[in-house]
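Encoded as structure tokens, the structure appears first; notes follow it.
Just so it is clear, none of the values below were taken in a lab; they were calculated from the coordinates. As the structure is a computational prediction, the values presented were derived from the model and not from experiment. Here the Cβ is made from the backbone with ideal geometry for all residues, glycine too, and neighbour counts use every protein chain on show.
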Amino acid sequence: MTSFQDVFLLALRRLSTLREAGSFGAWLAAIARNRAHDYHRRSVPEDQLADDPTPSEERGNATADHQTPAATVLDAIRALPDTYRETLILRLVEGMTGPEIAARTGLTHGSVRVNLHRGMQQLRAKLGPDTSNHRP
């Protein structure tokens, strides 16, 4: 797992890319967040499929062809670019407000609003015309 030491060493090597000293905290948080995303992206285990599923597994998979609306939306969110996916999950799944998301991610409140707006546009496009007229 990525440790704090790794993040600080990387930040030290990239210190020359920091534009404003006042944004050091947000800059460091972005590095840590990106390292965590990279770690999780690399460590996602692949599901192993059994040759002969048990009867309980067959019953559990009966809804696989007919996903619930929530599962469909989550799949669509997961397919979005990282920037939009993170802010949408924090908003729609975690129930965080714009200022809370800004504090958590190190983004400005305006950036959070833009990411949420653009992410919702892309989400509506992925989900199709049935959901484009509904407001969350």
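Overview of results
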| item | result |
| --- | --- |
| Estimated D of the stretch 1-41 in µm² per second, where Rh is the Kirkwood radius over Cα pairs and Stokes-Einstein applies at 4 °C, 1.567 mPa s | 124 |
| Per-pair calculated FRET efficiency, R0 = 25 Å: ALA70 and THR108 via Cβ, rounded to 0.05 | 0.25 |
